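Okay, so here's the structure we're looking at.
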Amino acid sequence: MPDQKPYGVTMKSKGGLTRLINALRYTWDGLRAAAKHEEAFKQELMVVVPLSVVAWIVPVPAYERALLFAVLQLILIIELINSAIEANTDHISLDRHPLAKRAKDMGSAAVFLAIVIAVSTWAAVLWNKFGPG
């Protein structure tokens, strides 16, 4: 056989502007897929988008504003990873398996913890700004 490369090697881009353009396209495709197929992502968007606007207008220092925005994005990031784990697990097999359940449950737990971080951060910043004393 003449110089055959493993399948994965042929799928890798070589770099440069084409790689950047493709990466942006893949990113957009991933966001669209999550918004179309993932109910949890849709629900989180309904909270994150308006709060992201609020984060930029609340009268706090710039570093707190950035923190408020960042913890909201963290929720979406973790949800995207969780959705990828779930999709990949279902792609492998739709059969019930304890390891598949464990993977999905851990992804769900990661989303929950990201939400806890966001709520705690928002509470601390808003309490510091508007709380008594």
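With θ taken as phi - 60° and the Karplus curve 6.51 cos²θ - 1.76 cosθ + 1.60 applied, the whole-hertz 3J(HN,Hα) list for region 109-116 is 4, 4, 4, 4, 5, 5, 5, 4 Hz, x standing for glycine and proline. A crude spin-label estimate for the pair A33 and F112, with each label 7 Å from Cα along the Cβ direction, gives 2.7 nm. Backbone geometry of region 14-24 corresponds, through the Karplus equation with coefficients 6.51, -1.76 and 1.60 at θ = phi - 60°, to 3J(HN,Hα) couplings of 8, x, x, 5, 4, 4, 4, 4, 4, 4, 5 Hz, x marking Gly and Pro.
For the chain, modelled as a Gaussian network with Cα springs under 10 Å, which listed residue fluctuates most, V111, V54, V71? Sorting by GNM fluctuation, first place goes to V54.
Taking Cα pairs under 8 Å and at least six residues apart, what relative contact order does the chain come out at, in percent?
Reported relative contact order: 22 percent.
Just tell me which lysines come within less than 28 Å, Cα to Cα, of K5; anything on the same chain fewer than 8 places away is out. Filter leaves K14. Residues whose amide H lies under 5 Å from that of V58, counting only those 5 or more places away or on a different chain, are absent; hydrogens are built 1.01 Å from N in the peptide plane.
Would you please put 95-102, 117-124 in order of how densely packed they are, using the mean number of other Cβ atoms within 10 angstrom per residue and starting with the highest?
Top of the packing list down: 117-124, 95-102.
Within the same chain, aspartates and glutamates fewer than 8 places from K36 are excluded, and of the rest, those with a Cα less than 16 Å from its Cα are E44, E79, E86. When the P(r) of the chain is calculated, the portion above 18 Å amounts to 67% of the C-alpha pairs. With neighbour counts taken as other beta-carbon atoms within 10 Å, the residues I78, I92, I57 rank, fewest first, as I57, I92, I78.
Considering every alpha-carbon pair of region 80-133, the percent of pairs per 10 Å bin, from zero through the bin containing the longest distance, is 23, 32, 19, 15, 9, 2.
Readers should treat all values here as calculations from the given coordinates under stated rules, not as data from a laboratory. Quick caveat: nothing in here was measured; it's all calculated off a predicted structure. So basically every Cβ, Gly included, is an ideal-geometry build from the backbone, and we count neighbours across all protein chains shown.
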